[in-house]
Amino acid sequence: MSEQDFIVEMRGITRRFPGITACDGVSIQIRKGEIYAILGENGAGKSTLMSMLFGMIEPDEGEIYIRGKRERIDSPRRATQLSIGMVHQHFCLVSNYTVAENIILGMEPKKKWGFFPMVDIAGANAEVAALSERYGLKVNPEDVIEDLSVATQQRVEILKMLYREAEILIFDEPTAVLTPQEILAFLNIVRGLRDQGKTVILITHKLEEIKQVADRCAILRRGKLITVMDVSSSSTSDMARMMVGREVSFTTPKAPHDFGPAVLRLENLTVGNAVGCNAVNSVSFEVRAGEVLGIAGVSGNGQNELADSIMGLRKSQSGKIFLNGRDITGLSVRERVEAGIAYIPEDRHNVGLVLDFTLRDNLMLRQYYQAKFTHRHFMDEAAFEKYGEELIRRYDIRSNQGGATIVRSMSGGNQQKAIIARELDLKTPLVVFMQPTRGLDAGAVSNIHRRIIEERDRGAAVLLISLDLDEIMDCSDTVAVIFGGRISRIAPAASLTVDEIGLYMMGVRGGEVA
Amino acid sequence: MKFLRSLFFGDRFRMLRASFWALLFSLAAGALILFLMGKNPVSAYANLLQGAGLLPKLKYAGRQNQLTDFLSFLDAMTPMVFASLSVATALRAGFFNIAVPGQMLAAGFCAHIVMAALGDALPSPLAKILVLVIGIAVGAALSACMGWLKYRFNVNEVVTSIMLNSIVMYLVTFYINTFYVNPITRQSRPISDAARLTLSGVRWNGLKADFALAFPLAILAAFLLRTFLERTTYGFEIRALGLSRGAARYSGISLGQTTLLTMAISGALGGLAGVAYFCGCFASIQPGTMPGMGFDAIAVALLGGGQPLGCVFASFLITIISEGSVYMSSRLSVEPEIASLITSVILIFSACSASFGGRRGGHD
């Protein structure tokens, strides 16, 4: 095969950050018109590698060739000129603009109104409609972004790249927030893009999806390229082993056992959201000791509000919350923690951690004021350090300077480990997990799932709220589906299928409220 | 070697480095301006140091020498240390306290009228202590009100600060002009020497010097504040709130209490700055003006990286400029405003460096 056949070639790419080498001499070659997956644990360097291809950061060493020509990609603007496009994990859309306005933003079609240049919105609408027709991406150009589902917003992001005539399309964790049905649709879109001659690069840790659509797959581990596999001739367990460097089991083993008495009980709980609507509408359920209750649902159906009101971060409008029979509806956050709730929040960066504190201080956030660690309001630094080191060791939290590391510089997986260490070490009767594995890799995910089961086996009641249906099915004893702020179905996990839950999640079914 | 490396590249000294560059750039900018005005920047800066008593002048007036200049310099620096600590405390909790001028004026004014009402009833040490207590109480009360408004009604503290400054200034001006004016100087009647925090014009060894009694207190306050912020649970909560409101709430920290506490401490320091200024450096209040030092304190706190000891150091530098400017302008016949100009440039650079120096690179 000659040089020209590779549309993208990265040679010996190295990129260092303080204390860590994110990419270490990585070389990959991507053919025109293939779907190329990049697989790796969190902190393996896959996002860093693609950020360099898209010009968001520059490599310290190494060369990038696009269509056989050496290029210096120093900005996303340059990448766009080279017809490279990228859809980020968090979408970059202006929420109160229409679909077409978002797509043309930055390269608006202009027309003249007398002397004044103005944006040709009608032309843009027509162009976007034609584009969405051609690639089979159904969107209405005049819809406003904030009214659209996540899956539709993703289609807008794809159209944005296509409008800029991108030939090389990079997707960063594209299916993290989609329902099973939406994932199938997305994978079809990706196949369609390939059939139209586009080159697609998928950054993901979902092996099933790679198996379904990708042609080849590069596996990164700790910044190094381990291997490039031909997907059709290798199994998912092979890929997983290469990625993690050891065997990974996909199902978390859990022994069946009987549940204890109800630990958490909600009675007709109604919670408002920021704009005053009822995000959670008269929800009642209970979680028993030794039970994992998984709450499945599409993003934005009241999950955040439900978890926040259980933790006391958000006031409920009516209804009651009981913990071990005690009414905790009026208690403050700290009183609830002391009453026995641990909470792993969804937003690691703005809620779960003080990013500019040291790891040690973050591990102390729940307990710093207690007599063990503080004497007459003076913090006992030796006790902080001892406890911090113990948690770091027991939960295997990796960082470059131990307890003194500023948390912001740690990888996502290790940040999450820090939160989990801090919360689970409280040994509370109720543990609430909100999206605990979001954006984490397979190795970290199986570790966290094991922790969830350990909590259950210890006799804690576990409330697991997740958008990842596999995770819900894997860990839960009981599954509840939330749609439009109501629980539309609640049943033992064994009696439900993924497709059935998917239908409840999208509100197709759900007349019979359990 | 390792220390040197951390000094130049490490995370620990990042704020210090940012301040250093801010200072260097500002002095360079000031030098450029002086140069364009046809003056010699080197001798201008040397004059600043001479004026502040850090270098010997060519000749001195009677009863004065380098030491008396330096003592006056410390006297001027004292309220600046308090004022910048006030701003820095609020900054650590993520608040922008620009009400320091108002707090200073209110505290100084209240101390004035209380001491006037008491007359000579109190012995001197007790009177001085009472002045300090009034400063703390008035500043803390005013600032806590702002904290309460912020927490309870989510009123931006910058807005309340600006309003407070005006309200205090006009009330004080009205009162002084109506009831309390010295008809000759058109200022408020001076505070008694017994209550004044600066021993002014003391004859000593054939010299005539000013002793700022509050200066040791200002240094002590900086050390206490550092211990408070770094070692106590209150400080931990204040820092957590300043760095991440969401995480502070999540960890069960009471936002209301922490906001009130921070603002009260910040206000108390602002009040101390007020009494050190109006009942120390000066003996009376000029109606119709706000102490500009309260605004300069923002620059000083930023230059000091929001750290208490950094504030002391930054106050030292800024006071050199403000104290030395008189001597510089008389020697070189440049306008004394050039000193304010350099101070302003430092404000801009230190504000910029606070934002680019305060960010850390993340990965993946």
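The values are calculated or read from the model by the stated rules, or taken from the named source; none is laboratory data. Because the structure is a prediction, the values reported are computed rather than measured. Here Cβ is always computed from backbone atoms with ideal geometry, including for glycine, and neighbour counts include all displayed protein chains. Please note that ligands, DNA and RNA were not included when accessible areas were found on the heavy atoms of the full protein model with its side chains. Shrake-Rupley method; radii C 1.70, N 1.55, O 1.52, S 1.80 Å.
At-a-glance table
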read-out: Within segment A:411-427, tally of residues that are within 11 Å of another protein chain (Cβ to nearest Cβ) and either more than 26 Å from A:Glu173 (Cα to Cα) or acidic (Asp, Glu) (or both); value: 2
read-out: Flag for B:Thr289 being of a type in the set (Ser, Thr, Tyr), within 14 Å of chain A (Cβ to nearest Cβ) and either in contact (Cβ under 8 Å) with a residue 24 or more places away in the chain or under 21 Å from B:Ala222 (Cβ atoms) (or both); value: no
read-out: Leading residue by the ranking (farthest from the other protein chains (Cβ to nearest Cβ)) among those in segment B:306-364 that are modelled with pLDDT of 85 or more and not in a helix (DSSP H, G or I); value: B:Gln307
read-out: Verdict on A:Leu178 being farther than 24 Å from A:Leu105 by Cα and touching a residue at least 12 places away in the same chain (Cβ under 8 Å); value: yes
read-out: Some residue of segment A:44-59 being within 14 Å of chain B (Cβ to nearest Cβ), open to solvent by 30 Å² or more (accessible area, probe 1.4 Å) and either over 23 Å from A:Ile219 (Cα atoms) or in contact with a Ser or Thr (Cβ under 7 Å, 6 or more places away or on another chain) (or both); value: yes
read-out: Test: residue in segment B:65-84 that is among the aliphatic types (A, V, I, L, M), open to solvent by 60 Å² or more (accessible area, probe 1.4 Å) and either at pLDDT 85 or above or in a helix (DSSP H, G or I) (or both); value: yes
read-out: Number of positions in segment A:64-95 that are under 24 Å from A:Glu146 (Cβ atoms) and either open to solvent by 30 Å² or more (accessible area, probe 1.4 Å) or part of a loop (DSSP other than H, G, I, E, B) (or both); value: 8
read-out: A:Phe433 more than 14 Å from chain B (Cβ to nearest Cβ), open to solvent by less than 30 Å² (accessible area, probe 1.4 Å) and of a type outside the set (Asp, Glu); value: yes
read-out: Output for segment A:452-496, where each listed residue is open to solvent by 30 Å² or more (accessible area, probe 1.4 Å), farther than 21 Å from A:Gly260 by Cα and small (Gly, Ala, Ser); value: A:Gly484
read-out: Residues being in contact (Cβ under 8 Å) with a residue 12 or more places away in the chain, assigned to a loop (DSSP other than H, G, I, E, B) and either among the polar types (S, T, N, Q) or surrounded by fewer than 17 Cβ atoms within 10 Å (Cβ to Cβ) (or both) - total across segment B:21-39; value: 1
read-out: Residue among A:Asp172, A:Asp195 that alone is over 18 Å from the mean Cα position of the chain (by Cα) and acidic (Asp, Glu); value: A:Asp195
read-out: Among the candidates B:Gly147, B:Gly108, residue that is of a type outside the set (Ser, Thr, Tyr), buried (at least 23 other Cβ atoms within 10 Å of the Cβ) and touching a Gly at 6+ places or on another chain (Cβ under 8 Å); value: B:Gly108
read-out: Top-ranked residue of segment B:170-192 - restricted to ones that are modelled with pLDDT under 90 and not in a loop (DSSP other than H, G, I, E, B), ranked as surrounded by the fewest Cβ atoms within 10 Å (Cβ to Cβ); value: B:Phe179
read-out: Any hit, segment B:239-249, residues being part of a helix (DSSP H, G or I), buried (at least 20 other Cβ atoms within 10 Å of the Cβ), out of contact with any Ser or Thr (no Cβ under 9 Å at 6 or more places or on another chain) and within 9 Å of chain A (Cβ to nearest Cβ); value: yes
read-out: Residue, least open to solvent (accessible area, probe 1.4 Å), within segment A:25-41, restricted to residues that are closer than 16 Å to A:Leu53 by Cβ and part of a loop (DSSP other than H, G, I, E, B); value: A:Glu34
read-out: Filtered residues of segment A:96-129 (kept if buried (at least 18 other Cβ atoms within 10 Å of the Cβ) and in contact (Cβ under 8 Å) with a residue 40 or more places away in the chain); value: A:Thr98, A:Val99, A:Ala100, A:Asn102, A:Ile103, A:Ile104
read-out: Subset of segment A:260-287 [assigned to a loop (DSSP other than H, G, I, E, B) and either in contact (Cβ under 8 Å) with a residue 24 or more places away in the chain or open to solvent by less than 70 Å² (accessible area, probe 1.4 Å) (or both)]; value: A:Gly260, A:Pro261, A:Asn273, A:Gly276
read-out: Subset of segment A:279-309 [more than 25 Å from A:Gln181 (Cα to Cα), out of contact with any Leu (no Cβ under 7 Å at 6 or more places or on another chain) and within 14 Å of chain B (Cβ to nearest Cβ)]; value: A:Ala307, A:Asp308
read-out: Near pairs, Cβ below 6 angstrom, 6+ apart or cross-chain, from segment A:324-342 (more than 15 Å from A:Leu365 (Cβ to Cβ)) to any residue that is in a helix (DSSP H, G or I) and open to solvent by 20 Å² or more (accessible area, probe 1.4 Å); value: A:Ile328/A:Ala339
read-out: Any chance A:Arg408 is among the basic types (Lys, Arg), within 23 Å of A:Gln435 (Cα to Cα), open to solvent by 20 Å² or more (accessible area, probe 1.4 Å) and within 9 Å of chain B (Cβ to nearest Cβ); value: yes
read-out: Residues (within 14 Å of chain A (Cβ to nearest Cβ) and touching a residue at least 24 places away in the same chain (Cβ under 8 Å)) located in segment B:195-227; value: B:Arg226
